[in-house]
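First comes the structure, then the notes that go with it.
Read-outs: derived from the displayed coordinates by stated rules, not from any lab. Just so it is clear, the structure is predicted and the values come from calculations on it, not from any experiment.
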Amino acid sequence: MDKIMYVFLGATLLFGTAATVVYQIFGGGFHYRETISPWMRDMIIFQPRPELMIDVPLLFQLHIITACLLFALWPFTRLVHVFSAPVGYLFRPYIVYRSRDHHAGSRAPKRGWDPVAAPDPERLRRP
C-alpha cells in the first residue's frame, strides 16, 4: 500500500505544481477561490455542488481527485503515523552516551568474566 500511496502523493504534488505553473505563473491566472474553494467547503459539510467544478481546468481537477484518493488511502498506509508524531521527543532530557573505550575515563577498566573455579569443599560442609 505504501507504494500506491507514493504514486498518489507524487501525482498530487505533480498536478498541483503543474496547475500552479501553467495557470498562475505563465497563464493569465485562475480564480480558484471562486470555484474550487466553495466546492471544497460544500464537500466538507456533505452538500457538494458539482456545477462549481465545470469550468475548473483539468490540471486542478486531477490535483483534487488524486488528493481525495490519497486521503482515502491514508488509513491503510504508514501516513497514519502522522497522528502519533513523537512530539515529546522535542522536550525530553538529553541522554549521555559514554564510550566503552578503555583509555577514555579516569577509572581503570573492569575485568571481563571472572574465572569459574571449583566450589570450596570447606564452604559446602558448613551449615
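Under the rule a/c < 1.5 gives rounded, and otherwise a/b versus b/c splits prolate from oblate, where does segment 14-86 land using the Cα gyration tensor?
Working: a/c = 2.52, a/b = 1.48, b/c = 1.70.
In terms of gyration-tensor shape, oblate.
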Phi-derived 3J(HN,Hα) across segment 58-71 with the Karplus relation (6.51, -1.76, 1.60, θ = phi - 60°), rounded Hz, x for Gly and Pro, is 4, 4, 5, 5, 5, 4, 5, 5, 5, 5, 5, 5, 4, 5
Length-normalised contact order of segment 2-91, Cα under 8 Å, at least 6 apart, in percent, tallies to 41 percent
